[in-house]
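Read through the structure below, which is laid out as structure tokens, and then see the notes.
The values are calculated or read from the model by the stated rules, or taken from the named source; none is laboratory data. Keep in mind the model is a prediction, meaning the values are calculated, not measured. No Cβ is skipped: glycine too gets one built from the backbone with ideal geometry, and neighbour counts run over all protein chains shown.
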Amino acid sequence: MNKNSSSIMALAPNTSNKRETVCIFGTGDFGRALGHKMIQSGYPVVYGSRSTQISNLIPKDAEVLSHAEAAQKAAIIIIAIPRQHYNFLTPLAEILHGKVVVDISNNLKLNQYPESNAEYLAQLLPGAKVVKAFNTVSAWALQSGTLDASRQVFVCGDDMEAKQMVMNIVRALGLTPLDQGSLMAAQGIENYPLQLFPMWKFPIFLSIGLTVFFFFYCLALDIIYTYIYEHNNFSFFIAFTIPNRVCPVMALVLLALVYLPGLLAAIIQLYRGTKYRRFPDWLDKWMLCRKQLGLIALAFASLHAVFTLASPLRSFVRWRTSKGIISQALNNRTEPLDHTNAWLSDSYLALGVLGYFLFVLVGITSLPSVSNNVNWREFRFVQSKLGYLTLILCTAHTLIYGGKWFLSPSAYKWYLPNIYMLSLVLPCTVLVVKFVLVFPCIDKPLTKIRQGWERTPRYPE
Amino acid sequence: MNKNSSSIMALAPNTSNKRETVCIFGTGDFGRALGHKMIQSGYPVVYGSRSTQISNLIPKDAEVLSHAEAAQKAAIIIIAIPRQHYNFLTPLAEILHGKVVVDISNNLKLNQYPESNAEYLAQLLPGAKVVKAFNTVSAWALQSGTLDASRQVFVCGDDMEAKQMVMNIVRALGLTPLDQGSLMAAQGIENYPLQLFPMWKFPIFLSIGLTVFFFFYCLALDIIYTYIYEHNNFSFFIAFTIPNRVCPVMALVLLALVYLPGLLAAIIQLYRGTKYRRFPDWLDKWMLCRKQLGLIALAFASLHAVFTLASPLRSFVRWRTSKGIISQALNNRTEPLDHTNAWLSDSYLALGVLGYFLFVLVGITSLPSVSNNVNWREFRFVQSKLGYLTLILCTAHTLIYGGKWFLSPSAYKWYLPNIYMLSLVLPCTVLVVKFVLVFPCIDKPLTKIRQGWERTPRYPE
Amino acid sequence: MNKNSSSIMALAPNTSNKRETVCIFGTGDFGRALGHKMIQSGYPVVYGSRSTQISNLIPKDAEVLSHAEAAQKAAIIIIAIPRQHYNFLTPLAEILHGKVVVDISNNLKLNQYPESNAEYLAQLLPGAKVVKAFNTVSAWALQSGTLDASRQVFVCGDDMEAKQMVMNIVRALGLTPLDQGSLMAAQGIENYPLQLFPMWKFPIFLSIGLTVFFFFYCLALDIIYTYIYEHNNFSFFIAFTIPNRVCPVMALVLLALVYLPGLLAAIIQLYRGTKYRRFPDWLDKWMLCRKQLGLIALAFASLHAVFTLASPLRSFVRWRTSKGIISQALNNRTEPLDHTNAWLSDSYLALGVLGYFLFVLVGITSLPSVSNNVNWREFRFVQSKLGYLTLILCTAHTLIYGGKWFLSPSAYKWYLPNIYMLSLVLPCTVLVVKFVLVFPCIDKPLTKIRQGWERTPRYPE
């Protein structure tokens, strides 16, 4: 509705019809911004203020009255005042009786107060129909008209009709109201604008940590080792070669971490013989951020794909290629085609392309609008079947790429394995465990447990 | 709302406020899972069960009573019992009179019964306000909290208020209710979770069939023929070369199949002189899966793009390049730049890039969230104008690529045309027919027919 | 809901239950198409017509009566008649009293009449409950069942219950109703289907203009100049080289144009010392189309990425490479690796890859379904922080790429700078101004102004 609403509003000044008067308590920044926008949308606005002197900051077409007078002029009163001052409303309880009172306040911290501001307001004004709304909208964006982000306004309240009235105003301002149910949803709505990607924090910190580790691991083996023992300065590997080594490793490890918690959960359930005991906390949290882990893995895979495709453009690669060709030419011979090499090179490229393709497909189904359009069966099919196929293809891609070096001693500089060997540990483990769990003798009891069966009913009936 | 709801719920335990008691009939797996989740969200839960002995599987904070007693304690009764046992509810009809009865059942097959379970329930309990809900949610996901797929819960029912009550519960559980209208929508809602990509089946089977055909066609011409007549073993072409030959062919053929049914429909309408007769069934079905055909074509085009961009990395390609350069060097000469070749090569690459770019653009507008934000005029502009432009560019790309080989006899191994020639048949036909249909003398009557005009009114007035 | 609804409807013929009769006034094309579809969905349909003779165009199962008779048979009357003929309804006002009257009309031009058709209808029939609906749906698509575009039907009206009845019909036809509030929203809804990407017009024209300019600039410097002064015919550069020079320039310039208006707004606010005065009109408009400018910039960046990755496949590039290698081989020498070059080449490639990656990330958050799932804080973080990082990376990518030519006189053909120098002017300006604005001594007063502070209150209290 993003675009639609905006264009609809842009085209519909609707000045001909009469809209009901709206009263705003408080002449702070958000109160003024909301008033401006409402007047633009054709609502007569009355401000309720302690000082009824007309301030130049208040929109010109708005009236400024005392709180009591202003409230009597309108059926809807918007409280644009911080929660700490709500108690001044107690003497107005009678005037506000039966009116729609809109709480638009936000807090500074998550769960700052035991109850939400809107519920607190409802306790102060038992006769009023309290509706929570508008707190997710930015005053600055409202006024400047640059609402290119979410136009969604969460609305909740116990009175259906009051909620409808507020939702009509929301729509008239070119925003999209989203009914969140009763006033009990207010706390969640008040917490919402304070969040900064809460589900992404752990996956991002984990990725940064692992990336730094693998980067320095590569730095040591590929640049420092070469510099010390072979007296070659490959410091420019920092810009391209090492990132393109770290990215695929990160993608593979994170992808394995997406599927590992599901396997751990299955093993725990098999061991306990019941699904009616909670998983350890860390496992619960891990399972909840699988989508984010998968998307970060996809980001690394995409970087790896573009880095790899761009590598023929590198000055170093072009120099190495011509050096090889010239040395052949100067020796007056052409090497024949190595069929094994051709097979290996084509297979790992093809596996990489297919794996990445499936990865993107699984990623697209994570888009909210796509995942809302598939049912559970379809979602599990894509995320589980296609996801595992992606993991298999990507693991095979890495295995074939690095296969020939596994047994070569030159791959173990300072007795350390190369990072593509490290990167294979987790995915191979996941695939082996999954392979074991798929066997009927293990899959059957697991399915039974997940359907509610218990191995040892604790209280025999 | 996917993420929002989840985070809102995570932050809003809402244990302070009192929620109304909910009664659940049936202590099966889904009944228990729903009860667990409701208790977590602050609802007092009463189970109605034949045996009122407390089973350890039932959530600890829930009460277990007889059906009649449990129903009296709550205004909302959730029926977590299979349809076959619904008739046990008949004696309870009086107690359930006026109450909200929620049908959450699913069937095992599409359209298993003549009427939906919810409508059957409404017939059994004429006094109850039956609401259909929750059947699209997985019990396992509900309990484990791993609801990363669709959080949408379809709700339908004839009583507005009853529906609102159920929708409030849905929201309180962190899910998004979607009002589907009256109880007549129940059958659709019950069928929904049983589907597995119903619109994708035909396009996917068609694609697999064609892919297999083209793969073996290429295998025969490129590997077997070469092996027999030229004694060259190019078996490694299976991994990369042949996939990258089949993908563009599939993309082009499927893209042509997207636009063919529209042309056939136009021809049928022109021939019949009316739009008021149904198209043949196969054409109707074909037209309904055009979007899916187009997206599969885009997938093949993407694979072709990545395969092509990755080809300079192939060991075979590098070998062939150096062989060419070395033979020039050994012959002590540099070939001059072939301007025709440079033009051809640059044009078909540029056409391919542009065609693919437009293809992706058209694909992005197929995303539900994007297509919901454009009106009909805009959607048709993108899908029709840009779509045809994509087809033109891709066809031109293939024509220029293969052009020089059309007349060469070496392209006809075993008297069979190369597959890029095959791939051009359909798109060229579509473009020619479209070109003819665009002529005013044909376009005008077609437009008139589509606006409701008939050439030969069957019953003259 | 796109797919869902369609499949639900396909599976739920719902012929068993009785739906209420619907009356349609007018037997024009849209009236007939709607009637057809309603009969298919199980609604008895009665047509109201001047001539009650049965026309063969009208669906067979529909009754045709006089307007008055038809209206009496149904609670919902759909007016499928152009606005000019609405006055014939005045005598029917009594019969339509209390009934739901649905206005489905569209106009030919934006804001053709002072009030919307629906509001005009409501004035003519003061006793009727007027609801606006269905005008955004195409008659042709409705009848042929090829509703692959938006299934959203905007509904508005002053009577809640009447709106619910209409929304139930909308759902039964397999469409998604979207409540737009009171009847005052009707004008916007009537204007909606007439738009053709209104927000995209200016950005697209600007892009075309700039593209044409840069194309001819390159043509002059790269082909004509070379032809005249060096007698080299590089006309084939038109197909690939020049597009791949224009695309990155366009991407960088447009990306800078996304961030420029924000800086201008900040400067204006700092100069004026208040945020309570409107920006100049051009700045307002510019700020509203930043998202579109950014997406077009992303499109150019994507083209540049694919063009660049495809360049090793070019016949010209392969010829140039082999020429270079052969000349080295014939001179019997291999050039050593130029470390500075390796660093430069790897850095600008890596910066390009990272910049493009972030650009795509910012682009993905512009998808409506994604931006609806983030709150304001998150949206601003991505669009502002990541956006500026993208601009920095892309500018650095261009600087390193072109750096070495800045001082070379050969880069100034006809005393004109190369286009990558031109392309750097705007982004560098934006980055410098932004850098200045970030300083605390400037950032602090700006923040105060944006929170509502004024330097010189115009009317001292």
Tell me, yes or no, whether the stretch C:290-300 has at least one residue that is in the same structural domain as C:L422 (by the TED database), closer than 26 Å to C:I442 by Cβ, in a helix (DSSP H, G or I) and not aliphatic (A, V, I, L, M). yes
Show me the helices (runs of 4 or more DSSP H) entirely contained within the stretch B:74-170 in which 2 or more residues are touching a residue at least 12 places away in the same chain (Cβ under 8 Å) and within 14 Å of chain A (Cβ to nearest Cβ). B:139-144
Residue pairs within 6 Å by beta carbon, gap of at least six or interchain, first lying in the stretch C:304-322 and at the interface with chain B (Cβ under 7 Å from one of its Cβ atoms), second part of a loop (DSSP other than H, G, I, E, B), listed first then second, are C:W319/B:L337
Does the stretch A:332-341 contain at least one residue that is assigned to a helix (DSSP H, G or I), modelled with pLDDT of 85 or more, within 30 Å of A:I224 (Cα to Cα) and within 8 Å of another protein chain (Cβ to nearest Cβ)? yes
For the structure I just gave you, tell me whether B:L252 is part of a helix (DSSP H, G or I), buried (at least 22 other Cβ atoms within 10 Å of the Cβ) and either away from chain A (no Cβ under 14 Å) or among the small types (G, A, S) (or both). yes
May I ask you to verify whether A:L367 is at pLDDT 95 or above, hydrophobic (A, V, I, L, M, F, W, C) and in contact with a helix residue (DSSP H, G or I) (Cβ under 7 Å, 6 or more places away or on another chain)? no
In the stretch C:349-403, what count of residues is obtained for those that are in a helix (DSSP H, G or I) and among the polar types (S, T, N, Q)? 7
Go over the candidates C:A220, C:A266, C:A239 one by one and state the one that is within 14 Å of chain B (Cβ to nearest Cβ) and not acidic (D, E). C:A239
Going through A:L34, A:L57 one at a time, which residue ends up being surrounded by 23 or more Cβ atoms within 10 Å (Cβ to Cβ) and either in the same structural domain as A:L175 (by the TED database) or at pLDDT below 85 (or both)? A:L34
B:K275 fails exactly one of (1) within 30 Å of A:N341 (Cα to Cα); (2) of a type in the set (D, E, K, R); (3) buried (at least 21 other Cβ atoms within 10 Å of the Cβ), namely (1)
Might you let me know whether the stretch A:351-365 holds any residue that is touching a Phe, Trp or Tyr at 6+ places or on another chain (Cβ under 9 Å) and surrounded by fewer than 17 Cβ atoms within 10 Å (Cβ to Cβ)? no
Do we have any residue at all in the stretch A:53-60 that's at positive phi, assigned to a loop (DSSP other than H, G, I, E, B) and touching a Pro at 6+ places or on another chain (Cβ under 8 Å)? no
Tell me, yes or no, whether the stretch C:197-220 has at least one residue that is in a loop (DSSP other than H, G, I, E, B) and in contact with a helix residue (DSSP H, G or I) (Cβ under 7 Å, 6 or more places away or on another chain). yes
Looking only at the stretch B:419-452, and only at residues there that are touching a residue at least 40 places away in the same chain (Cβ under 8 Å) and not aliphatic (A, V, I, L, M), the one that is surrounded by the most Cβ atoms within 10 Å (Cβ to Cβ): B:S423
Hey, can you tell me all the residues within the stretch B:360-393 that are closer than 22 Å to A:S371 by Cα and small (G, A, S)? B:G363, B:S366, B:S369, B:S371
